[in-house]
Amino acid sequence: MKTMLMYERLTPVNRDQHRALRVKASGQHLNFARETNSLLMAVTELPLAALDLPCVFVASGDQHTMVSVVGLRDKENLYIDAEGRWDPQSYLPAFIRRYPFVLAEQPGGDQLTVCVDEAFDGLNNTDGEALFTDEGKVTPYLQQLQKFLLDFHNDMQRTTLFAKRLNELGLLVERNIDFKLGEQHLNLNGFKVVDEDKLRQLAPEVVQELFASGALGWIHAHLLSLNNVSKLGARLSRKLAN
């Protein structure tokens with residue numbers, strides 16, 4: 001899974017170094033995400049993401065998190081067209097929307113710092129949104145960006161706790177995506193889903209716990225999202241037919 005590899009030259013945003021920096025839309029659009037078939041996703045995105053994308057769990061060290069599956073083959077994102085544009089009829093994950101910025105932890109501490117990918121072609125000193133005023137004060141644009149990045153960071157922590165609880169309850173089971181395209185057999189593995197039989201066997205008090213925390217709704221959205229695998233297959237078929 002290609003994640004932080006999307007960022008080529010990350011550097012902390014600095015009011016002295018980036019006083020004149022401006023950010024405008026990329027001429028390459030979303031080409032930076034073209035070679036990934038899955039994207040990290042927060043559970044708070046599930047109500048919308050589940051309508052368009054298969055949303056599954058993956059192990060990350062001794063923890064679990066969520067990803068949205070956006071391709072059936074390695075290094076292929078089926079939601080980005082030849083011009084680098086995301087399908088306007090499909091949900092665009094926050095993981096993509098935050099680029100070229102990201103929150104990063106400073107070594108040896110818990111402090112989070114806004115970083116920018118200096119390889120992003122939309123950075124310049126003349127056109128677009130400014131990060132700082134001429135006096136070096138944070139602009140409303142950067143304030144809004146900081147809030148968005150912090151919200152996503154916190155939502156990803158909630159996602160880890162959500163997945164941890166599902167794993168503790170024994171609900172997560174390994175699954176593969178098998179898809180036949182003509183004579184070609186495609187197989188995606190390494191992810192997990194909620195086992196519906198085990199879900200139905202939970203004690204009433206556990207179900208109430210999941211309901212009260214909002215986790216039960218997330219679980220059902222996740223299960224609903226698995227129906228989107230067939231949509232991925234249809235996208236790949238259309239791409240190969242062109």
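The values are calculated or read from the model by the stated rules, or taken from the named source; none is laboratory data. Since the model is a prediction, treat every value here as computed from it, not as a measurement. All Cβ positions, glycine included, derive from the backbone under ideal geometry; neighbour counts span all protein chains shown. All accessible areas refer to the heavy atoms of the entire protein, side chains included, with ligands and DNA or RNA removed. Shrake-Rupley method; radii C 1.70, N 1.55, O 1.52, S 1.80 Å.
Among 136-147, 55-66, 91-102, 37-48, how do they line up from the highest to the lowest mean number of other beta-carbon atoms within 10 Å? Kindly include the intermediate steps, with their values, before the conclusion.
Details: 136-147: 13.3, 55-66: 17.8, 91-102: 19.2, 37-48: 21.2.
Descending packing order for the listed peptides: 37-48, 91-102, 55-66, 136-147.
Only Cα sites of the stretch 117-164 enter the Debye sum here, all with the same form factor; the resulting log10 I(q)/I(0) across q = 0.15, 0.16, 0.18 1/Å is -0.58, -0.63, -0.72, listed in q order. Quick one: helix 204-213 against the long Cα principal axis of the chain, what's the angle to the nearest 10°, folded into 0 to 90? Helix 204-213 sits roughly 20 degrees off the main axis of the chain. Consider all pairwise Cα distances in the stretch 4-85 and report the whole-number % of them above 16 Å. Counting pairs separated by more than 16 Å, the tail of P(r) holds 66 percent.
Sorted by accessible area with a 1.4 angstrom probe, largest first, how do 179, 211, 152 fall? Please list the in-between numbers first.
Details: 179 45, 211 135, 152 20 Å².
Order by accessible area, largest first: 211, 179, 152.
Gap in Å between the Cα centre of the stretch 185-242 and the Cα centre of the stretch 43-109? Centre-to-centre (Cα) distance: 15 Å. Quick one: with all protein chains in place, what share of the accessible area of the stretch 73-190 is carbon or sulfur, to the nearest percent (1.4 Å probe)? Using a 1.4 Å probe with all protein chains present, the stretch 73-190 comes out at 45 percent carbon and sulfur.
Can you sort 200, 22, 158 by solvent-accessible area, 1.4 Å probe, largest first?
Greatest to least solvent exposure: 200, 158, 22.
The ellipsoid equivalent to the alpha-carbon distribution of the chain has semi-axes of 34, 25, 14 angstrom, derived from the gyration tensor eigenvalues as √(5λ) and listed largest first. Measuring only protein heavy atoms, the 1.4 Å probe finds residue 74 accessible over about 120 Å². Compared with the dominant principal axis of the Cα atoms in the chain, helix 229-241 is inclined by about 60°. Under 5 Å between amide hydrogens, built in the peptide plane, is the criterion, and for residue 186 it picks out 179, 180, 181 among residues at least 5 positions away or on other chains. Using the alpha carbons alone, the radius of gyration of the stretch 125-224 stands to its Kirkwood radius in an Rg to Rh ratio of 1.22. For residue 147, the lysines whose Cα comes closer than 18 Å to its Cα, not counting residues fewer than 8 places off in the same chain, are 137.
Could you provide, to the nearest whole Å², the per residue accessible area of the stretch 8-164 with probe 1.4 Å? Don't skip to the end; give the middle numbers.
Values: 7900 Å² over 157 residues.
Here the residues of the stretch 8-164 average 50 Å² of exposed surface.
The angle between the Cα long axis of helix 140-168 and the longest principal axis of the Cα atoms of the chain comes to about 20 degrees, rounded to the nearest 10. Normalising the average separation of contacting C-alpha pairs (under 8 angstrom, six or more residues apart) by the number of residues puts the relative contact order of the chain at 27 percent.
Using a cut-off of 11 Å between beta-carbons, work out the net charge of the residues near residue 120 (Lys and Arg +1, Asp and Glu -1, residue 120 not included). Residues near residue 120 contribute -2 overall.
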